[in-house]
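Novice: Sharing a structure, written as C-alpha cells. Questions coming.
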Ligand code: DGL
C-alpha cells in the first residue's frame, strides 16, 4: 500500500494523479487537519508533526510514502523518513528536475512561509544549475483560504489579496513559476491571470509523475482516507475542490 501525506486537501491532487496512473495500487491518504496550516509553524514544530505523521504510516504498514506537502518536504523529510522507517519521497527533487529540464532561468517559487524561509527549493535549483536565479515568496493565508473554498479566479477580493502578496514576484519578472505548496494548484488560474504567459510547474504533479514511473501498480485499487480532525469539514473542502469523489468515507483518527 502506498501512503500519501499532506496537512490538508493539497495532497489530494497527488493522490488523484497516482490513482489514475496506478489504478491497481492500494492507497492511503492521511491529512493532519488538526494542525493545519503547517506553513505558519516553526521548523521545530513542523519536524515534530512530521515525525508523528511518519510514525502513523509505520503503524498502518504502508510500503512506501509520498509526502505530498511542500512544507514537510522542505523542512522535515529526514525526520518523516526516520519515523516512517520505509521509503519516503518528497516533492522537491521531482519538481526541480522538471524545471531544470525546461531550461528556464528566473524561477519564482511560491510556497508557504516556512518553506520560503527554508530556501530548500532555491538551494535544490541552484545546486543542480548555478545559473538559475530563484526567488522564494512565502504566501501567508493561501492555504487557509484554499481550505475554505476561496480559489475562484473571478473573485475580485481574492485576486486583490493574492495580487498584493505576489507583487514582489511581478517585479522579479520570472520566466517560470514553481508552485512549492501542493494546495496552490487550486490557485493556478488566479495566479496565471496575474502572470500572463508565464508557465507554472506544480510540485505535486511532478512528484506524482515521478512516483508513477518507478512504482508498479499492484493490489486491489483500494482507497482509504484518514484525517486527524474534522472529517466532514475535510470531505466538503475536498468535494468543493473537486479533489475527492462525493460520498468518499473519511475516517478520523484524532490527534497524536
Ligand atoms: N500542502 C502543504 C504544502 O505543500 C500545505 C502546508 C500547510 O499546511 O501550510 O506545503
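What follows is calculated from the coordinates using simple rules that are stated; it is not laboratory data. The structure displayed is predicted, hence computed values, not measured ones. Positions of Cβ are generated from backbone atoms using ideal geometry, with glycine treated the same way; all protein chains shown enter the neighbour counts.
Novice: How big is D for the chain, in µm² s⁻¹ as a whole number, if Stokes-Einstein is applied with the Kirkwood radius of its Cα pairs at 4 °C and 1.567 mPa s?
Specialist: 72 µm²/s
Novice: For the residues 133, 226, 96, what sequence is obtained by ranking on other C-beta atoms within 10 Å, fewest first?
Specialist: On the way: 133 15, 226 20, 96 26.
Exposure proxy ranking, most exposed first: 133, 226, 96.
Novice: Just to be sure I understand: with springs between alpha-carbon atoms less than 10 Å apart, which residue in 53, 83, 44 has the highest mean-square fluctuation in the Gaussian network model of the chain?
Specialist: Most flexible of the set in this elastic network: 44.
Novice: Ranked from highest to lowest mean number of other Cβ atoms within 10 Å per residue, what is the order of the peptides 101-109, 64-72?
Specialist: Final packing ranking: 64-72, 101-109.
Novice: Moving on. Could you tell me the extents of region 185-253's C-alpha atoms along the three principal axes, largest first, rounded to whole Å?
Specialist: 41, 33, 20
Novice: Can you give me the P(r) profile for region 155-221? Cα pairs, bins 10 angstrom wide beginning at 0, each as a whole percent.
Specialist: 18, 43, 21, 12, 6
Novice: Ok, one more. Would you kindly give the portion of the calculated P(r) for region 1-113 that falls above 25 Å, as a percent of all Cα pairs?
Specialist: Roughly 21 percent, once rounded to a whole number.
Novice: For the residues 6, 78, what sequence is obtained by ranking on other C-beta atoms within 10 Å, fewest first?
Specialist: Details: 6 31, 78 13.
Final ranking by Cβ density, sparse to dense: 78, 6.
Novice: If you build a Gaussian network model of the chain, linking Cα atoms that sit under 10 Å apart, which residue out of 189, 43, 94 swings the most?
Specialist: 189
Novice: Continuing with this model, one more query. Can I get the semi-axes of region 92-146's equivalent ellipsoid? Compute them from the C-alpha gyration tensor as square roots of 5 times the eigenvalues, in angstrom, largest first. Present the calculation step by step, with values, prior to reporting the outcome.
Specialist: Numbers: eigenvalues 93, 23, 18 Å².
For region 92-146, the semi-axes come out at 22, 11, 9 Å.
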